[in-house]
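Have a look at the structure below before the remarks.
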Amino acid sequence: MLDPFLRAWLGSWPSPGGLVVVGTPLREKPRWDGGEQRALGVTDGDGNGVLSVPPGARDAVARLVAATPPGALDAALAERLPSLVGRPEQRFFTGVFRWSETPAAMDSAGEWEPADTPGIPDWLRPFPGEVLIAREPGTGAYLAGVGLKPHGPSGVEISVGTDERARGRGLARRLVSRAARRIVAAGAVAIYLHDPENTASAHVADASGFPDEGWRILALAGAA
């Protein structure tokens, strides 16, 4: 399921070798939340992958990639990619890209609730449909939650957050594994992204059935 998802998400997959730059109208269309993603890429554990950009920026970005040694490519993309795709105010970043087609089997946590349910944290409200919420027994107070980013019918990304007072209970991994099982049961691949320095998120991914295969996500985000 991963290859068809990446092909649909990026406009091309796999790479015949190295980082291939493709121009695709996908990068000119709104993403799941109505925002934009003018540059988006994935590389595998060998550094081979696809970086997709708007068609008009493809040649300039491809020349930059071809002229830059692999060890200096992240720095070059950080310096020049935002301007090349017409978004100089944004920043280039990389993260850990994980996926699962066989989520870990563990005790479920939380219940699915509408994303507009009163009292849930603001960060969960933009997610379409339902969000998975763990609440304190008795009081119903929010403890942790998961939102799903539908990147397409074949791939859905999981976002998870835990209230500080509820950390250490294993809620995040149980929520993520439950959400992943729902995604896979619907015939899609479950995606999990995190910052390389976020060890807590890495532990959640490992426990939930999302191994680190050395893959990376390449993208742009708004100015810090």
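Here are the numbers for this structure:
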| item | result |
| --- | --- |
| Region 18-71, residues that are within 13 Å of residue 84 (Cβ to Cβ), touching a residue at least 24 places away in the same chain (Cβ under 8 Å), among the β-branched types (Val, Ile, Thr) and in contact with a helix residue (DSSP H, G or I) (Cβ under 6 Å, 6 or more places away or on another chain) | 21, 53, 61 |
| Residues of region 139-160 classified as open to solvent by less than 20 Å² (accessible area, probe 1.4 Å) and farther than 24 Å from residue 5 by Cα, total | 3 |
| Identity of the residue in region 162-176, among the small types (Gly, Ala, Ser) and either open to solvent by 20 Å² or more (accessible area, probe 1.4 Å) or farther than 19 Å from residue 199 by Cβ (or both), that ends up farthest from the chain's Cα centre (by Cα) | 168 |
| Complete set of residues in region 61-73 that are surrounded by fewer than 16 Cβ atoms within 10 Å (Cβ to Cβ) and either part of a helix (DSSP H, G or I) or of a type in the set (Phe, Trp, Tyr) (or both) | 63, 66, 67, 70, 71, 72 |
| Whichever residue in region 139-181 is hydroxyl-bearing (Ser, Thr, Tyr) and assigned to a strand (DSSP E or B) and, among such residues, is modelled with the highest pLDDT | 159 |
| Candidates 80, 7 - the one that is open to solvent by 70 Å² or more (accessible area, probe 1.4 Å), in a helix (DSSP H, G or I) and under 24 Å from residue 183 (Cα atoms) | 7 |
| Filter result (farther than 21 Å from residue 218 by Cα and open to solvent by 70 Å² or more (accessible area, probe 1.4 Å)) within region 182-205 | 182, 185, 186, 203 |
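The values are calculated or read from the model by the stated rules, or taken from the named source; none is laboratory data. Remember, it's a predicted structure, so these values are computed and weren't measured experimentally. In this analysis, Cβ positions are derived from the backbone assuming ideal geometry, glycine residues included, and neighbour counts consider all displayed protein chains. Each accessible area value is taken on the protein alone, full model and side chains, heavy atoms only, with ligands, DNA and RNA left out. Shrake-Rupley method; radii C 1.70, N 1.55, O 1.52, S 1.80 Å.
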